[in-house]
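See structure below.
The values are calculated or read from the model by the stated rules, or taken from the named source; none is laboratory data. Not measured: the values here are computed from a predicted model. Note that we place each Cβ from the backbone using ideal geometry, even for glycine, and neighbour counts take in every protein chain shown.
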Amino acid sequence: MSTDLPHGTVGDVLDAAEPQVCDDMSVEVALAVMTAARTSRLVVCDQDGQSTGLVTRAELAAVRDSSTYTDRLRLRDILGDHGVLTSAVSPLGDLVLSR
């Protein structure tokens with residue numbers, strides 16, 4: 001068994017391993033996609049298919065349960081500074097995987 005990690009970035013691994021959704025998707029639909037895909041996070045992509053962020057079930061649930069939530073809220077509206085995949089420029093060797 002090889003212990004070598006593939007070459008690339010964390011963003012490359014996330015893009016390949018996680019379900020991807022468009023940033024114009026509503027919070028409710030994103031939560032439904034997570035449930036159907038049996039995952040706790042989604043890669044968010046812009047209209048050009050470029051990864052723009054990562055959202056988790058916990059983050060979306062917190063947004064949905066907030067007093068400012070409306071059904072018009074889209075994933076792009078909640079990404080803000082945390083949504084950018086800053087780890088996408090980190091080499092895979094710096095990544096610690098846990099499940």
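Which of the strands (runs of 3 or more DSSP E) found entirely inside the chain contain at least 2 residues meeting this: at pLDDT 50 or above and crowded, with 17+ Cβ neighbours inside 10 Å?
By residue number, 41-45, 51-56.
Being free of Cβ contacts under 8 Å to residues at least 24 places away in the same chain and among the small types (Gly, Ala, Ser) is the filter here, so list the residues in segment 50-82 that pass it. Result: ALA58, ALA62, SER66, SER67, GLY80.
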